[in-house]
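Take a look at the structure set out below.
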Amino acid sequence: MRLPMIAGNWKMNTTVSEAIELVNELRQGLDQIDNVDKVICPPFISLAAVRELIKGSSIKLGAQNIYFEEKGAYTGEISPLMIADLCEFVIIGHSERRQYFNETGEITNKKIRAALKVKLQPIVCVGEKLEENEAGRTEEIVTGQLRASLAGLDYLTGLIIAYEPIWAIGTGKAATAKQANETIGLIRHNIFELYSKRAAQNVRILYGGSVTAANATEFINQPEIDGALVGGASLRANQFLSIVKQAAEAKNRLSG
Ligand code: PGA
């Protein structure tokens with residue numbers, strides 16, 4: 001049984017004081033929900049403050065990006081070692097990184113390796129554009145991104161995958177739960193082909209793209225979907241708490 005995960009990707013939102021405020025709103029409620037991995041991913045500059053606030057709670061911390069070198073003359077970059085000092089998770093290869101910052105499959109792959117090396121758990125994002133979806137190329141694109149991301153990796157321990165169709169991100173137009181389940185099943189099948197049955201059974205695969213308190217249960221109830229990567233709705237404490245609760249309830253139902 002894979003433990004569900006709900007990860008909140010705050011993106012480039014919240015000042016440090018706003019981040020502190022949001023964590024204060026979330027902390028108690030989130031801490032009371034069991035059977036779900038609850039991860040928040042604030043901007044870099046808030047990580048240290050947030051870490052102090054969630055100490056002793058069951059809330060986990062993630063970063064939104066890393067550079068692939070451990071240290072050195074890379075002005076403005078943040079290294080995996082720095083993040084590993086504060087966080088357990090890091091989002092890698094988000095479509096916004098690919099789209100606005102020219103991150104290629106090769107860069108994503110380097111970042112994943114760099115994260116695993118320092119025992120950070122990467123949340124690796126893959127997903128197709130609207131025109132690719134409409135042209136029936138979802139399978140080809142997602143498989144290509146996945147294989148490029150994982151190239152040369154011998155093991156997947158700790159790695160999490162997020163399927164995020166680009167046309168569903170921040171648009172209010174989520175994929176249907178059935179569509180998402182199908183593509184996630186396909187990703188799992190690729191993991192089986194590339195690694196093993198055990199790896200495919202163990203790897204957690206999330207859906208992301210316009211997940212809200214109104215639709216979370218539909219996704220989480222799908223057999224292949226292990227949780228959600230939540231953008232916009234993770235900035236609202238009530239919404240995020242509701243999504244996490246729904247994941248816990250779905251899991252209790254499935255195991256009960
Ligand atoms: P959204 O973003 O929930 O705002 O659509 C999801 C993501 O980009 O991770």
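The values are calculated or read from the model by the stated rules, or taken from the named source; none is laboratory data. Predicted model, so just to flag it, every value in this text is computed and none were measured. Virtual Cβ from ideal backbone geometry, glycine too; neighbours counted across all protein chains shown.
Miscellaneous remarks
- Scope segment 76-101; condition within 16 Å of the ligand (Cβ to nearest atom) and either of a type in the set (A, V, I, L, M) or closer than 15 Å to Val124 by Cβ (or both); matching residues: Phe89, Val90, Ile91, Ile92, Gly93, His94, Ser95, Glu96, Arg97, Arg98
- Subset tally (residues that are touching a helix residue (DSSP H, G or I) at 6+ places or on another chain (Cβ under 7 Å), without any contact (Cβ under 8 Å) to a residue 60 or more places away in the chain and buried (at least 19 other Cβ atoms within 10 Å of the Cβ)) for segment 84-99: 4
- Of all the listed residues (Leu130, Leu120, Leu146), the sole one being more than 27 Å from Leu47 (Cβ to Cβ), touching a strand residue (DSSP E or B) at 6+ places or on another chain (Cβ under 9 Å) and not charged (D, E, K, R) is Leu146.
- Highlighted here are the helices (runs of 4 or more DSSP H) found entirely within segment 144-238 that include at least 3 residues which are of a type outside the set (D, E, K, R), at pLDDT 95 or above and away from the ligand (no atom under 16 Å from the Cβ): 177-194, 197-202.
- Residue satisfying all of: in segment 1-43; hydroxyl-bearing (Ser, Thr, Tyr) and in a loop (DSSP other than H, G, I, E, B); surrounded by the fewest Cβ atoms within 10 Å (Cβ to Cβ) among these: Thr15
- The conditions of being within 16 Å of the ligand (Cβ to nearest atom), in contact (Cβ under 8 Å) with a residue 40 or more places away in the chain, part of a helix (DSSP H, G or I) and among the charged types (D, E, K, R) are not met by Glu106.
- Of all residues in segment 39-52, none that is closer than 9 Å to Ala19 by Cα has its Cβ atom under 7 Å from the Cβ atom of a residue that is basic (Lys, Arg) and modelled with pLDDT of 95 or more, 6 or more apart or on another chain.
- Hey, Lys119 part of a loop (DSSP other than H, G, I, E, B), within 17 Å of the chain's Cα centre (by Cα) and either aliphatic (A, V, I, L, M) or at pLDDT 95 or above (or both) or not: yes
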